[in-house]
Structures are given as C-alpha cells and as structure tokens.
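The values are calculated or read from the model by the stated rules, or taken from the named source; none is laboratory data. Source: prediction; values computed, not measured. Ideal geometry is used to build each Cβ from the backbone, glycine not excepted, and the neighbour counts take in all protein chains shown.
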Amino acid sequence: MVTNEVVALYIVPEKIEMLNRKVSPIVDVEIEDYLTHKPLNFRATRDTNQPDELMTFIKTIEDAIDQAAKKNFLPMHPGDVVTTYANIDALKRDVGFELKTDLAVGIGNWAAWYRNYNQKS
C-alpha cells in the first residue's frame, strides 16, 4: 500500500503533463520503469504554495542580472520577519486565480524590463 505523497515541482507545463501521465521527461530506463510499474502516490505541479528562501531569491536576481550581490549578513533585528508567504488557496477557489509565473521567470522578466527601461532613459 502506498501512503506517502510525492510532489515533483516543475516549471515546464509539458513536463508536468508527462510526469502526471507517468511518462519520464528525460531518457532514463530506471525512471521510466519506476513510473510505469511501481505503485506511486505521485503528482507533478508548478504550484509550491511554499515560500522561497531569501538566498534563493537573491541568487535568482543575481542570475537574471548576471552580477553577484554585495551581501552584508547582520543579526536579525527586532522588526525582521523570519518567514512570510501567502497561501492563495482561497483566491484560487473564489476567483479562479492561478499562479502562472514562477520566481525565476518573473525575476527574469523584471530584469529584462528594467534593462530596456534604463536604455530608453
């Protein structure tokens, strides 16, 4: 009996669809065999409904602008928030909103817009 749910997080919708049909998005005999023949409580999705780590966010910006950030790590201040994120389940249910842009794509789009904006100024 399979009881543990496994969730694979992917950005590419085509790969999500393949995984949910139990088809490997890469050529790998072992993965293909496992997806095809093993009882799995498995799904692939783009929606993590989880917060991104601060360093992941910073690294994503660094990658998008092709420049390393100058980081100055300090102790937490009284007003700092340890974790924050939005659960958008009610928004999905009530108005049909669906998150379609992941962090890397959104930051990449912002960086492209910012470069273009500054070239015009």
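A few points about this structure:
- Single condition Asp63 does not satisfy, out of (1) in the same structural domain as Ala8 (by TED's automatic domain parsing); (2) touching a helix residue (DSSP H, G or I) at 6+ places or on another chain (Cβ under 9 Å): (1)
- The number of residues in segment 98-113 being at pLDDT below 80 and surrounded by 11 or more Cβ atoms within 10 Å (Cβ to Cβ) comes to 4.
- Among the criteria (1) within 19 Å of the chain's Cα centre (by Cα); (2) assigned to a loop (DSSP other than H, G, I, E, B), the one Trp110 does not fulfil is (2).
- Count of residues meeting criterion [more than 22 Å from Trp110 (Cα to Cα), surrounded by fewer than 10 Cβ atoms within 10 Å (Cβ to Cβ) and either in contact (Cβ under 8 Å) with a residue 40 or more places away in the chain or of a type outside the set (Val, Ile, Thr) (or both)] in segment 59-89: 10
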